[in-house]
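Student: Okay, here's the structure, questions in a sec.
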């Protein structure tokens with residue numbers, strides 16, 4: 001009795017009907033909208049308005065039936081996407097507005113070169129292949145430096161944290177190195193790295209890794225230690241091996257933190273790629289080197305375009321990992337933040 | 001048995017159940033490294049078909065008793081003897097792995113033992129059906145209510161077909177209605193599976209309703225101060241809780257608790 005009892009009781013609990021319910025509300029609001037528009041245009045005689053419309057399901061079904069044959073307004077998914085993007089688009093529009101305002105209203109004409117209006121800054125650069133081509137090439141080099149650096153930082157960071165989490169003594173021995181790495185100002189190290197490793201791709205990647213490594217280590221370590229004592233007991237009682245405990249408990253429990261670390265490390269790896277480039281002033285030029293060159297030559301149009309490109313790069317990296325995060329973690333924990 | 005053994009292999013399978021003690025605690029004491037004495041001189045014998053609940057004031061070492069019986073902790077003095085091919089443990093919280101579906105959570109023990117996938121699937125399905133979670137196999141823990149999470153936890157404990165099942169206040173965090181329902185469910189499962197059960201609780205009525213024996217412990221250091229047999233056969237109807245015999249027994253347990261806390 002009890003088993004079937006439980007079965008009949010639970011589907012009504014919270015989740016099983018979640019999708020149908022939300023679908024229904026969506027549909028009914030859609031049918032409301034249709035009704036209203038019909039009422040607004042030419043209300044057929046005998047069809048009651050929304051206020052007096054009986055809420056019987058047959059009526060709902062009938063209006064839905066007609067709705068599917070007549071034109072249905074834009075798909076809801078498209079609307080939802082627009083709704084999500086709206087704040088970002090608004091922010092961009094706000095920035096553009098302020099930009100134009102400063103450029104045209106605040107700055108006198110002879111100082112306008114300090115902040116050329118966006119269409120001039122980007123337009124002049126984009127239409128000039130002599131500037132645009134080397135800039136995109138430099139961006140490509142920086143992107144590869146940042147991505148190689150990030151991959152290494154992630155691998156080394158996770159590995160280092162796994163090692164630390166394997167035993168209390170390992171953490172006590174290994175953690176100070178990570179802290180030292182974090183506390184030394186990276187700018188102090190960059191020239192040294194140049195002297196030791198040259199000014200090529202390798203040295204730039206090293207700068208990148210050093211900058212991006214710490215958040216990977218600390219977040220992963222925190223995550224690996226986040227599994228509850230009871231769940232560790234569960235694995236002990238089932239005589240799990242150390243490897244099983246790592247792969248089936250500690251690592252999956254750490255994934256949300258690892259993704260937090262990834263987002264931080266990804267942002268920092270972009271900065272790392274620019275910093276190395278900016279300070280080396282030798283070897284293959286990246287976007288950081290060009291920023292410096294444009295600044296020195298007061299090529300404002302090119303400078304603003306380069307800044308915008310790095311910003312787009314940073315946003316793209318951040319978005320990539322946010323999407324990845326939601327794909328992997330969202331399934332388990334629902335939507336975070 | 002002189003050395004404390006956490007768990008022993010099962011030579012018991014061929015022997016009749018009634019002859020074997022599934023769990024024997026003899027003169028067990030536990031002192032923690034901090035100096036706190038959690039238990040002194042506890043004797044406890046469990047056979048299959050016994051469902052023993054332990055009640056006592058907070059901090060009297062009830063949970064410590066379970067940890068000793070399961071081998072999670074070692075005794076300071078005395079012996080623990082377990083004759084069971086499998087022991088299971090149900091925690092205070094459901095303690096589900098959030099990244100696994102209900103079915104995958106239940107499969108964990110078999111997965112760690114290296115059982116083939118098809119076999120552990122069917123074993124998990126069997127116990128999920130038993131606890132009334134048919135149709136919820138693919139749900140993640142966050143999608144389940146507190147009561148359902150606890151059902152998954154119980155299914156996970158039953159999947160190895162344990163001879164000894166330890167329960168550490170599993171229904172303490174549930175609301176009253178869910179709690180009463182889970183008591184009925186557990187009773188039905190116990191009737192079916194006939195393991196030896198050791199169940200920790202704060203609730204006197206839960207103890208009397210569920211068990212064949214109620215053990216009352218004193219405050220720290222924990223000692224057994226009363227061992228009260230509960231006479232009724234299973235299944236016990238929920239209305240039993242409102243009978244005068246039930247009231248008499250809960251009164252007896254409460255009195256024993258009151259005198260020693």
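The values are calculated or read from the model by the stated rules, or taken from the named source; none is laboratory data. Treat the numbers as computed from the prediction; the structure is a model and nothing was measured. With ideal geometry, Cβ positions are generated from the backbone for all residues, glycine too; neighbour counts draw on all protein chains shown.
Student: In this structure, is residue B:103 buried (at least 22 other Cβ atoms within 10 Å of the Cβ) and either under 16 Å from residue B:154 (Cα atoms) or within 12 Å of another protein chain (Cβ to nearest Cβ) (or both)?
Tutor: The answer is no for residue B:103.
Student: Now for a different question. How many residues does segment B:159-177 contain that are closer than 18 Å to residue B:149 by Cα and surrounded by fewer than 17 Cβ atoms within 10 Å (Cβ to Cβ)?
Tutor: Count: 5.
Student: Wholly within segment B:189-254, which strands (runs of 3 or more DSSP E) include no fewer than the required count, namely at least 2 residues that are in contact with a helix residue (DSSP H, G or I) (Cβ under 7 Å, 6 or more places away or on another chain), surrounded by fewer than 17 Cβ atoms within 10 Å (Cβ to Cβ) and at pLDDT 90 or above?
Tutor: Details: elements: B:196-201, B:213-217, B:224-229.
Correct list: empty, since no element meets the threshold.
Student: Where in segment A:171-280 are the helices (runs of 4 or more DSSP H), entirely inside, with at least 3 residues that are at pLDDT 90 or above and under 30 Å from residue B:165 (Cα atoms)?
Tutor: Counting at least 3 such residues, we get A:229-237, A:242-245, A:251-280.
Yes or no, residue by residue, for (1) over 19 Å from residue A:325 (Cα atoms); (2) within 14 Å of chain B (Cβ to nearest Cβ):
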position	(1), (2)
A:214	yes, no
A:217	no, no
A:229	yes, yes
A:250	no, yes
A:260	no, no
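Student: OK, next. If you go through segment B:109-125 one residue at a time, do you hit one that is in contact (Cβ under 8 Å) with a residue 24 or more places away in the chain, at the interface with another protein chain (Cβ under 10 Å from one of its Cβ atoms) and not in a loop (DSSP other than H, G, I, E, B)?
Tutor: Yes, segment B:109-125 contains a residue that is in contact (Cβ under 8 Å) with a residue 24 or more places away in the chain, at the interface with another protein chain (Cβ under 10 Å from one of its Cβ atoms) and not in a loop (DSSP other than H, G, I, E, B).
Student: So, one more: Looking at (1) in contact with a strand residue (DSSP E or B) (Cβ under 8 Å, 6 or more places away or on another chain); (2) under 30 Å from residue B:20 (Cβ atoms), which is the only condition residue B:191 fails?
Tutor: So the condition that residue B:191 fails would be (1).
Student: If I go through segment B:64-100 residue by residue, how many of them are in contact (Cβ under 8 Å) with a residue 60 or more places away in the chain, more than 10 Å from chain A (Cβ to nearest Cβ) and in a helix (DSSP H, G or I)?
Tutor: 4
Student: Taking segment A:300-337 on its own, how many of its residues are assigned to a loop (DSSP other than H, G, I, E, B) and either crowded, with 18+ Cβ neighbours inside 10 Å or within 14 Å of chain B (Cβ to nearest Cβ) (or both)?
Tutor: Total satisfying the criteria: 3.
Student: Further question: What is the number of the single condition among (1) within 31 Å of the chain's Cα centre (by Cα); (2) crowded, with 16+ Cβ neighbours inside 10 Å; (3) within 13 Å of chain B (Cβ to nearest Cβ) that residue A:208 does not meet?
Tutor: Only one criterion is unmet by residue A:208, namely (3).
Student: Now for a separate question. Residue B:58: more than 14 Å from chain A (Cβ to nearest Cβ) and surrounded by fewer than 22 Cβ atoms within 10 Å (Cβ to Cβ), yes or no?
Tutor: Values: more than 14 Å from chain A (Cβ to nearest Cβ): yes; surrounded by fewer than 22 Cβ atoms within 10 Å (Cβ to Cβ): yes.
Against the criterion (more than 14 Å from chain A (Cβ to nearest Cβ) and surrounded by fewer than 22 Cβ atoms within 10 Å (Cβ to Cβ)), residue B:58 qualifies.
Student: Please count how many residues of segment B:137-172 are closer than 17 Å to residue A:234 by Cβ and away from every other protein chain (no Cβ under 11 Å).
Tutor: So the answer is 11.
Student: What are the pairs, 6+ residues apart or on separate chains, where a residue within segment A:140-154 that is in contact (Cβ under 8 Å) with a residue 40 or more places away in the chain has its Cβ under 7 Å from a residue that is surrounded by fewer than 19 Cβ atoms within 10 Å (Cβ to Cβ) and not in a helix (DSSP H, G or I)?
Tutor: A:141/A:284
Student: While we're looking at this one, here's another question. Of the conditions (1) surrounded by 13 or more Cβ atoms within 10 Å (Cβ to Cβ); (2) under 19 Å from residue A:256 (Cβ atoms), residue A:229 clears all except one; give me its number.
Tutor: Of everything listed in (1) surrounded by 13 or more Cβ atoms within 10 Å (Cβ to Cβ); (2) under 19 Å from residue A:256 (Cβ atoms), residue A:229 misses just condition (1).
Student: Being part of a helix (DSSP H, G or I) and touching a residue at least 40 places away in the same chain (Cβ under 8 Å): is that true of residue B:178 here?
Tutor: Numbers: part of a helix (DSSP H, G or I): yes; touching a residue at least 40 places away in the same chain (Cβ under 8 Å): no.
So residue B:178 fails the test.
Student: Additional query: Taking segment B:85-98, which residues are more than 14 Å from residue B:167 (Cα to Cα) and buried (at least 23 other Cβ atoms within 10 Å of the Cβ)?
Tutor: Initial filter on segment B:85-98 (more than 14 Å from residue B:167 (Cα to Cα)): B:85-86, B:96-98.
Result: B:96, single match.
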